[in-house]
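In what follows, a structure is listed as structure tokens, so that the remarks can point back to it.
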Amino acid sequence: MSTETVKKDILRGGQFLVKETPSEDVFTLEDLNEEQRMMRESTIEFVDRELWANWERFENKDYEFTKQCMQKAGELGFLSIAVPEAYGGMGMGFVSTMLVCDYISGATGSFSTAFGAHTGIGTLPITLYGTEEQKKKYVPKLATGEWFGAYCLTEPGAGSDANSGKTKAVLSKDKKYYSITGQKMWISNAGFCNLFIVFARIEDDKYITGFIVENDPENGISLGEEEKKLGIHSSSTRQVFFNETKVPVENMLSERGNGFKIAMNTLNVGRIKLAAACLEAQRRVTNEAVKYANERIQFETPIANFGAIKAKIAQMAINAYAGESACYRAAKNIEDRIAIRVAEGNTHQEAELKGVEEYAIECSILKVAVSEDVQNTTDEGIQIFGGMGFSADAPMEKAWRDARISRIYEGTNEINRMLAVGMLVKKAMKGHVDLLGPATAVGEELMGIPSFETPDFSELFAEEKDLIARLKKVFLMVAGSAVQKFGPDLESHQQLLLAAADILIEIYMAESTVLRTEKNAKREGEAAQEVQIAMAKLYLYEAVDLVIKKGKEAIVSFAEGDEQRMMLMGLKRFTKYTNQPNVVALRNKIAEKVAEENRYTFDG
Ligand SMILES: Cc1cc2nc3c(=O)[nH]c(=O)nc-3n(C[C@H](O)[C@H](O)[C@H](O)COP(=O)(O)OP(=O)(O)OC[C@H]3O[C@@H](n4cnc5c(N)ncnc54)[C@H](O)[C@@H]3O)c2cc1C
């Protein structure tokens with residue numbers, strides 16, 4: 001990575017909540033360089049030729065075909081984007097990794113799950129935590145697709161509570177190997193992988209330990225049948241049984257008891273990549289939906305002309321646009337943070353680990369937001385297709401089923417919501433993000449007399465940015481008071497945490513969308529960004545409504561009497577529009593543009 005891209009003053013993870021970001025500082029899809037654009041083109045070409053054209057094979061549970069496509073992806077270099085050059089990879093930056101992950105995932109959830117499981121959780125634990133020998137031995141094979149990886153964390157009794165697994169690792173008398181025994185469940189790529197990352201407990205250790213285990217049926221490894229699933233039909237998902245499987249001591253990952261940390265840090269990367277992997281599916285579903293809406297005639301007019309359909313098309317486009325805005329903003333933050341750490345003397349391995357860990361809050365936010373957007377988009381896609389939407393012969397039905405898994409794996413959305421707020425509170429306690437100062441200021445503002453001046457909102461997004469700053473105050477007011485009230489016991493007030501998480505998510509998504517659009521409007525002119533401006537305004541409008549709903553729910557759950565009245569008044573003040581946007585006109589503008597182009601055209 002070139003040194004000129006190393007910026008010292010980038011926001012730290014979670015700081016978006018308390019610091020203003022100038023729009024010039026956010027990275028957008030429009031900022032992709034020539035190399036990245038070419039990579040995107042070749043990814044789209046691969047998907048159209050190999051995956052999209054063969055959707056029936058994926059639907060018909062052709063697991064072998066998924067493997068063949070993975071091998072082709074390996075031959076074309078798609079599996080090696082994130083792998084350092086020293087181990088046979090391309091060593092490209094985090095943005096490029098996200099880009100491939102995004103565009104390769106649009107055709108079928110079966111392939112994107114196989115791709116994500118292999119390049120993410122199947123390979124990353126070794127690139128991030130492996131010894132030099134482990135990396136030299138395994139990573140080149142994984143980077144080319146000669147070998148495939150799988151990740152064995154979940155067990156029948158250990159899902160969200162990932163550290164509670166019962167799989168055991170027992171050291172042999174001669175101390176040369178561990179003998180692993182246990183049952184793992186829901187393992188993606190199990191049917192064709194050559195290597196498992198396995199988490200097991202040594203003696204009565206508090207934390208599990210990670211191991212690299214080669215797939216050898218002669219070594220006590222057996223598989224359950226393929227799971228019968230709602231979607232992602234050709235993604236191989238099986239149970240894996242280890243029965244005194246011998247694993248050389250040198251195949252331990254990192255140190256004894258470090259497995260939970262490895263598992264969680266790998267999942268951070270997995271989460272942001274999963275968010276990216278939900279973007280192209282949204283674009284393609286939007287394209288199919290708008291094509292259908294333009295062609296389907298009812299009441300002697302294309303259904304795309306009906307306001308009811310326009311509202312859906314607009315929402316689909318906004319979802320994809322907001323997801324892109326937030327994903328690539330965070331991706332570049334991570335890339336820059338890694339560059340800063342490398343410049344400071346960290347190894348690439350340490351830098352990547354810490355760089356991603358730094359933005360764990362954003363990774364959880366993105367995972368939740370974008371996985372729910374793809375679900376809503378596919379759902380409305382079915383609705384636009386009407387009866388045909390329910391048919392397995394049309395593209396929407398499978399897209400909807402495939403989308404559903406994203407809310408479950410890589411940590412369920414409930415867990416990720418609670419993690420996002422929990423991690424932020426912890427960062428504040430450790431002094432890494434100053435929430436206390438801004439929260440106190442909000443408290444003082446609430447006690448003071450509100451300003452009755454009419455602000456000047458004539459500049460583009462002046463009112464929207466002011467509103468976003470006030471939404472942040474809502475979060476600080478709610479979370480600050482909740483922390484004061486409950487202290488460490490806040491953890492057990494889950495519905496409050498979920499409401500706070502929704503506020504946090506909307507702030508990040510809305511801010512990213514507005515900043516991206518402002519940046520592009522500054523360089524291209526407002527006229528060129530007219531539709532994007534409409535999308536940003538509409539996203540924020542919906543976000544404000546959600547913040548009001550969730551804020552109220554949170555406040556009344558723990559505040560009473562005067563305190564409650566004051567906070568509800570604050571909520572009203574902080575979410576007030578001076579100029580209400582005409583949301584119907586905005587929706588029509590967006591939908592009409594998408595209908596005119598017959599596709600989604602806003603991805604830079
Ligand atoms: C198709 C598929 C592929 C998968 N691939 C892999 C893989 O490759 N490797 C792997 O290791 N795992 C994999 N998984 C497992 C996946 O990560 C887990 O299913 C997921 O983490 C949830 O665990 P669980 O299924 O045990 O649900 P549970 O943990 O039992 O959760 C059930 C419900 O309870 C909620 N819940 C749980 N704990 C709490 C809590 N503390 N507070 C509030 N709510 C809570 C959850 O949010 C959820 O709604 C896969 C799963 C599927 C379905």
Want the number for Met264 to Asp393: 0.36 nm per residue separation, take away the alpha-carbon distance, what's left? 42.5 nm
Starting from the 7 Å offset along Cα-to-Cβ, what nm value, one decimal, do you get for the label separation of Met447 and Glu227? 5.3 nm
May I ask you to evaluate 6.51 cos²θ - 1.76 cosθ + 1.60, the Karplus curve with θ = phi - 60°, for each residue of the stretch 359-376 and list the ³J(HN,Hα) values in order in whole Hz, giving x for glycine and proline? 9, 4, 5, 5, 4, 5, 4, 5, 4, 5, 4, 6, 5, 7, 5, 5, 5, 5
Quick one: accessible surface of Val544, probe radius 1.4 Å, all protein chains present, in square angstrom to the nearest 10. 0 Å²
Whole-number accessible area per residue in Å² for the chain, which is evaluated in the context of all protein chains at 1.4 Å: 42 Å²
Residue-wise HN-Hα coupling along the stretch 501-518, computed from phi with Karplus coefficients 6.51, -1.76, 1.60 (Hz; x: Gly, Pro): 4, 4, 5, 4, 4, 4, 4, 5, 5, 5, 4, 4, 5, 5, 5, 4, 5, 4
Probe 1.4 Å, all chains present, heavy atoms only: Phe241 accessible area in Å², nearest 10, is 70 Å²
Would you please report the Å³ per residue occupied by the convex hull of the alpha carbon atoms in the stretch 415-528? 125 Å³
Just the number: Rg to Rh for the stretch 141-247, Cα atoms, Kirkwood Rh, two decimals. 0.97
How far is helix 583-597 tilted off the main Cα axis of the chain, in degrees rounded to 10, range 0 to 90? 50 degrees
How big, in percent, is the set of alpha carbon pairs in the chain lying more than 31 Å apart? 51 percent
Computed over the stretch 181-335, Kirkwood Rh from alpha-carbon pairs, angstrom: 19.5 Å
I'd like the Karplus ³J(HN,Hα) series for the stretch 268-280: coefficients 6.51, -1.76, 1.60, θ = phi - 60°, whole numbers in Hz, and an x wherever there's a Gly or Pro. 4, 5, x, 5, 5, 6, 5, 4, 4, 5, 9, 7, 5
Amide H contacts under 5 Å for Thr209, placed H, 5+ residues apart: Ala200, Arg201, Ile202, Gly257, Gly259
What accessible area, in Å² to the nearest ten, does a 1.4 Å probe give for Val170? 80 Å²
Computed over the chain: longest principal axis from alpha-carbon atoms vs helix 561-574 long axis, angle to nearest 10 degrees, is 80 degrees
At q = 0.20 Å⁻¹, what is the log10 ratio I(q)/I(0) for the stretch 214-295, with the Debye formula run over Cα points and no solvent? -1.15
Residues whose modelled amide H sits under 5 Å from the amide H of Gly14, counting only those 5 or more places away in sequence or on another chain, are Glu362
So, with a 1.4 angstrom probe, what is the percent of accessible area on the chain that is carbon and sulfur? 51 percent
Checked against a 22 Å limit on the C-alpha separation, the offending pairs among Lys135/Lys367; Lys273/Lys354; Lys465/Lys537; Lys175/Lys246; Lys291/Lys589 are Lys135/Lys367
What do you get for the angle between helix 413-429 and the principal long axis of the chain? Use alpha-carbon atoms, 0 to 90 degrees, nearest ten. 80 degrees
Semi-axes of the stretch 86-159's equivalent ellipsoid from the Cα gyration tensor, sqrt of 5 times each eigenvalue, largest first, rounded to whole Å? 20, 19, 11
Note on the chain, DSSP bridge orientation, antiparallel percent to nearest 5 equals 80 percent
Calculated FRET efficiency, Thr21 and Gln71, Cβ-Cβ r, R0 45 Å, to nearest 0.05? 0.60
Where does the stretch 266-349 land on the Kirkwood hydrodynamic radius, alpha-carbon pairs, in angstrom? 15.5 Å
Sorted by accessible area with a 1.4 angstrom probe, largest first, how do Thr209, Thr578, Thr301 fall? Thr578, Thr301, Thr209
Protein-only accessible surface order, largest first, of Arg565, Arg40, Arg49, Arg573 at 1.4 Å: Arg565, Arg49, Arg573, Arg40
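The values are calculated or read from the model by the stated rules, or taken from the named source; none is laboratory data. Because the structure is predicted, anything quoted here is derived from the model rather than measured. Ideal geometry is used to build each Cβ from the backbone, glycine not excepted, and the neighbour counts take in all protein chains shown. The area values use the complete protein model at the heavy-atom level, side chains included, leaving out ligands, DNA and RNA. Shrake-Rupley method; radii C 1.70, N 1.55, O 1.52, S 1.80 Å.
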